[in-house]
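Report on the structure given below.
The values are calculated or read from the model by the stated rules, or taken from the named source; none is laboratory data. Every value quoted in this text rests on a predicted model; they were computed, and no experiment measured them. Please note: Cβ atoms are built from the backbone with ideal geometry, for glycine as well, and neighbour counts cover all protein chains shown.
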Amino acid sequence: MTMADIKYIGVDDLDIDIFEGQYPVKDGMSYNSYVILDEKIAVLDTVDGSFIDEWMDKLKAVLDTRKPDYLIVQHMEPDHSAGIARFMEEYPEAVIVSSMMAFNIMRGYFNTDYADRRIISKEGDTLSLGRHTLSFIAAPMVHWPEVMLTYDTTDKILFSADAFGQFGALSRTGLNIDEARRYYIGIVGKFGLQVEALLKKAAGIEIKAVFPLHGPIITDELPLLLDHYKLWAGYESECDDCIIAYTSVYGHTAQIVRMLASEIESRGRRALAYDLARTDHSIVLAEAFRAGTLILASTTYNTGVFPAMRSFIDTLVEHGYKNRTVGIIENGSWAPTAAKVMKAKFENSQGIKFLENSITLKGGISSENIEALKAMADEICS
């Protein structure tokens, strides 16, 4: 799992069911931390506060009788930084290496920025441990402003902070592109420009392995993951699938969604439908980014749009959804307004093309609706 003198001391959280208060993680979560054993010893990041004792035990076992010289803090989010104070108490001779922004944030969490025990690093700075020379790469807003990556110029390893991570405990999963996508879109997706800037920097160095703070170490699968990151950061679709996200109160909207999906598939295009009241939105969000076409089907509710649909579109827009084709289906027994409301939510989004054909139900499904859904399927598959 690691190079001979690079040791893994991270932990698996098998009890967590919701990560960051919003992402279901059926396979748990990993909080990764690493130690580089050299003439001088560097520890890279700590772990979540619930696992500090386990992490410290692993660290001491790896160190044996030695003491660490540096704690490199790449990212100040509490699931990676909670052990800083404990580490600094345990090893009073050690110093923290991190960005100035990280030290500013550190003060808010620990009431100190360790001014007398720190090295402020910036883009291009290096740190020699002996055989290993580390170079630091600024990665602001991937996905916090203080983020700094660490590149081992000796073994060509990129310690990537939250970049290139995924959901899931290491004891339960390897690289899973679906979970890597859901992780990226949910956590980093809004910051495509910043990710593209990081990818340009990564393209300029030789990388044999990526050691992220969540998820598995990436070696042979790195080209595959990088290809996906280029698409995700550029807000490009991965395929021509059609995703249908819908809400339905009495079943009529769900019925026409099933009919539309069937019509699309009969024309040779894959269609996947998700009930927003029953499917976690992080899953549908990732699917919407994966595919080239998205159909939104919603009932009118309180002269607006059904709450689950409103929340979903707000999340789409918040994450920078763009460069896609969007179709609209609305339902309203006497005064349907969902289409107007849904379209308006994308008014500031870039590259959104609405299908010319739309469908309006007024309760049940009419013969006109059947013709409209066939026309919509034709347009989607043309």
Members of the stretch 136-158 that are touching a Leu at 6+ places or on another chain (Cβ under 8 Å) and of a type in the set (S, T, N, Q): Thr150, Thr153
Condition check for Met88: crowded, with 17+ Cβ neighbours inside 10 Å, in contact with an Asp or Glu (Cβ under 8 Å, 6 or more places away or on another chain) and either on the phi < 0 side of the Ramachandran plot or of a type in the set (Gly, Ala, Ser) (or both): no
Those helices (runs of 4 or more DSSP H) lying entirely in the stretch 152-241 with at least 3 residues more than 25 Å from Asp13 (Cβ to Cβ) and modelled with pLDDT of 95 or more: 192-203, 222-233
Filter result for Glu356 (among the acidic types (Asp, Glu), in contact with an Asp or Glu (Cβ under 8 Å, 6 or more places away or on another chain) and more than 27 Å from Val188 (Cβ to Cβ)): yes
Test: Ser30 is in a helix (DSSP H, G or I), polar (S, T, N, Q) and modelled with pLDDT of 95 or more: no
Any hit, the stretch 56-63, residues being closer than 22 Å to Asp162 by Cα and surrounded by fewer than 15 Cβ atoms within 10 Å (Cβ to Cβ): no
Selection count where residues are in contact (Cβ under 8 Å) with a residue 12 or more places away in the chain, of a type outside the set (D, E, K, R) and either part of a loop (DSSP other than H, G, I, E, B) or in contact with a Lys or Arg (Cβ under 7 Å, 6 or more places away or on another chain) (or both), scope the stretch 1-23: 8
Boolean, Lys200 is assigned by TED's automatic domain parsing to the domain that holds Glu39 and either buried (at least 16 other Cβ atoms within 10 Å of the Cβ) or in contact with a Lys or Arg (Cβ under 7 Å, 6 or more places away or on another chain) (or both): no
Subset tally (residues that are among the hydroxyl-bearing types (Ser, Thr, Tyr) and within 14 Å of Ile313 (Cβ to Cβ)) for the stretch 270-291: 1
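Okay, residues lined up against (1) without any contact (Cβ under 8 Å) to a residue 40 or more places away in the chain; (2) in contact with a helix residue (DSSP H, G or I) (Cβ under 6 Å, 6 or more places away or on another chain):
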residue	(1), (2)
His214	no, no
Ile217	no, no
Glu221	no, no
Leu226	yes, no
Lys230	yes, no
Ala233	no, yes
Ile243	no, yes
Ala254	yes, no
Arg258	yes, no
Filter result for Tyr114 (more than 16 Å from Leu213 (Cα to Cα) and either in contact with a helix residue (DSSP H, G or I) (Cβ under 6 Å, 6 or more places away or on another chain) or outside any loop (DSSP other than H, G, I, E, B) (or both)): no
Odd one out for Met76, checked against (1) more than 28 Å from Tyr184 (Cβ to Cβ); (2) assigned to a loop (DSSP other than H, G, I, E, B): (1)
Given (1) touching a Gly at 6+ places or on another chain (Cβ under 7 Å); (2) surrounded by fewer than 18 Cβ atoms within 10 Å (Cβ to Cβ); (3) under 23 Å from Tyr250 (Cα atoms), number of the condition Lys340 does not satisfy: (1)
Check on Leu224, hydrophobic (A, V, I, L, M, F, W, C) and surrounded by 24 or more Cβ atoms within 10 Å (Cβ to Cβ): no
